[in-house]
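Below is one structure, written out as structure tokens; comments come after it.
Computed from the coordinates by the stated procedures, all read-outs in this text should not be read as laboratory data. None of these values were measured; they are calculated from a predicted model. Here the Cβ positions follow ideal geometry from the backbone for every residue, glycine too, while neighbour counts run over all protein chains shown.
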Amino acid sequence: MNAADQTTSTPEGPEGTPAGQEQAPTDAAPTPAPTPAAVPSPGALARKRPAPPVTPVGGSPDAEKGAARGEGRQRPAAQRASFTPTPVPGPLVDTSALTETDQSAFGSLAESGEVVRTDADGTTTVVGSYPGADAADAVAYFVRKFDEVVASTVLLAQRIHAGSVTAAEGRQSLEAVRTHLAETPMVGDYATLSSVLDELTEALRDKERSDQAQRAEARAEAAAEREKLVVEAETLAATDPAQMQWKAASDRMRHMVDDWKAMQRAQIRLDKPTENELWQRLASARNTFDKVRKAHFARLDAERDQARVVKEELVKEAQRLATRTDDPRTAGAFKRLMQDWKRAGRAQRSVDDALWQQFRAAQDQFFNAKDAEAAAKDEEYAANLPAKEALLAEAEALLPVKDLDTTKRQLRGIQERFEAAGMVPRADVKRIEGRMRAVEQAVREAEDLQWKKTSPEHAQRASLFATQLQGAVEDLQAKLAKAEAAGDEKRAAKVRKELETKQAWLDQAQQGVAEFGGEA
């Protein structure tokens, strides 16, 4: 497994806003899940049976057993959980020639008592001796060693094809088998086994290319998810402070480092340049957001403090005006104070509420006092109401107007007494004043009508209009007589209809002239 795929443990980044060129934070490396050994050792697969004293060629039995068990080799590191090896493309490497062949055919016992291996090309190699054993047992002992390697190779081929080992683990296991094959005296088909190992090596190359492609795809997907997180942070940082939902945005920005760490745990490790570049963008966005947030709330604090100062002055002014019920301008002053209060903005909530209570108390004090004064006056004015209602009845009796001059004289007297009778309660003012205005309006209309009837200008205009209509009627009568004489009924009907309209107008005009005292 490549070093870039291993999960490392580095100190966590600060929980607050990152600053400077800090490295991307990582969680502590999770406890690796148990993984099977790269390949079972040949010794683990051998049948347990007493081993007679044998002197193999090329080293002691202890060293041979240690090599078979893979001692001295470093165990492969645990694979990152997010990347799972995949099956090798293509068919399973054929190992049947190894498992179906009688490996003892490649060994024999020399007259010297030594076991000799004869390879497919005719090359012979002394592999060891087995004192006190017949030829079959001596050869079988060294065949069993080869069978262990064959069993390991077959199992390794299956695991490589199934994708249960990484390319690095497979190469390490193959190297161990080759080393064991070269250093351990055995009897078997070395040529076929070497050929199988070569095929497995090529299969691992295919697997490594496939794994690299999958890792590249996984890194691209992981980088895209990190990019999405970074863009979200940058978008929040660029949002207009006046439009920002600060509580939700602050909570989201605060959890982005946790999201980053969760992605590190769940995804394949990015290459350092990409990860650091994305982390620096995220850190910069969080830093910008924090600066904007602090500036925004500092500005709000300043505005609220200014509003507090203004409202404190408004409260003082309201309290000063609260007792000035005798000044008719005080109510207007309170209205202006309320407008100033709305323009002042909001102070801190608790302070603003307290100041509002004081301001409202001053308002209530003033208007309650005004209401009490008005109630007292209403009680005093109630005695004037019967007299004014009697005067209204007297004024309304003047209508309709018959003698304009007499009516006007009588109305003036009533108006003088009406004013002298004093004020009435507030609830009755509109009703009482409205009745008097109705009488006054009726008298004015009668006066206008009389003026129109006696005006020489109006009389002259009405007489002229009547004369014009009289001429039009006479002209239409002549046209009608002519049409009837000619027997033109269609023309006669049209003229007759127009004549009726003009005659009606003439009758109205002559009536108007008569009203003005003239002659039509």
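The figures follow:
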quantity: Distance in nm between pseudo-label sites at GLU221 and GLN477 (7 Å out along the Cβ direction from Cα); calculated: 11.0 nm
quantity: Sites LYS272 and SER195, calculated FRET efficiency, Cβ-Cβ separation with R0 45 Å, nearest 0.05; calculated: 0.60
quantity: Spherically averaged projected area in nm², based on the convex hull that wraps the Cα atoms of region 95-214; calculated: 7.5 nm²
quantity: Simple label model, 7 Å out from Cα along Cβ direction - TRP356 to THR101, nm; calculated: 9.6 nm
quantity: Scaled radius of gyration (Cα, divided by 2.2 N^0.38 Å) that region 187-336 gives; calculated: 2.25
quantity: Residue-span extension gain [LEU92 to THR501] - 0.36 nm each, minus C-alpha spacing; calculated: 135.6 nm
quantity: Under-5 Å amide H pairs with TYR130, H placed in peptide plane, nonlocal only; calculated: VAL115
quantity: Long-range tail of P(r) for region 457-517 (Cα pairs > 17 Å, %); calculated: 44 percent
quantity: HN-Hα J in Hz across region 505-512 - Karplus 6.51, -1.76, 1.60, θ = phi - 60°, x for Gly and Pro; calculated: 5, 5, 4, 5, 5, 5, 5, x
quantity: DSSP-loop trypsin sites (Lys or Arg not before Pro) across region 237-332, with at most 15 other Cβ within 10 angstrom; calculated: ARG324, ARG329
quantity: Order of HIS255, HIS180, HIS296 - criterion: other Cβ atoms within 10 Å of each residue's Cβ, fewest first; calculated: HIS255, HIS296, HIS180
quantity: Under-5 Å amide H pairs with GLY107, H placed in peptide plane, nonlocal only; calculated: THR118
quantity: Taking ARG215, ARG461 and counting other C-beta atoms within 10 Å, the order from fewest to most; calculated: ARG461, ARG215
quantity: Hz values of 3J(HN,Hα) by residue in region 275-290 - Karplus curve (6.51, -1.76, 1.60), Gly and Pro given as x; calculated: 5, 5, 5, 5, 5, 5, 5, 5, 4, 5, 5, 5, 5, 4, 4, 5
quantity: FRET efficiency, 1/(1 + (r/R0)^6) with R0 25 Å, evaluated for GLU389 and GLN441 via beta carbons; calculated: 0.85
quantity: Order of ARG349, ARG117 under a 10 Å beta carbon neighbour criterion, fewest first; calculated: ARG349, ARG117
quantity: Contour minus Cα-Cα distance for GLN158 and GLU202 (0.36 nm per residue); calculated: 14.4 nm
quantity: For region 477-494, Karplus couplings with θ = phi - 60° (6.51, -1.76, 1.60), whole Hz, Gly/Pro x; calculated: 5, 5, 5, 5, 5, 5, 5, 5, 5, 7, x, 8, 5, 5, 5, 5, 5, 5
quantity: Segment ASP371-GLN450, extension gain: residue separation times 0.36 nm, minus the distance between their alpha carbons; calculated: 23.7 nm
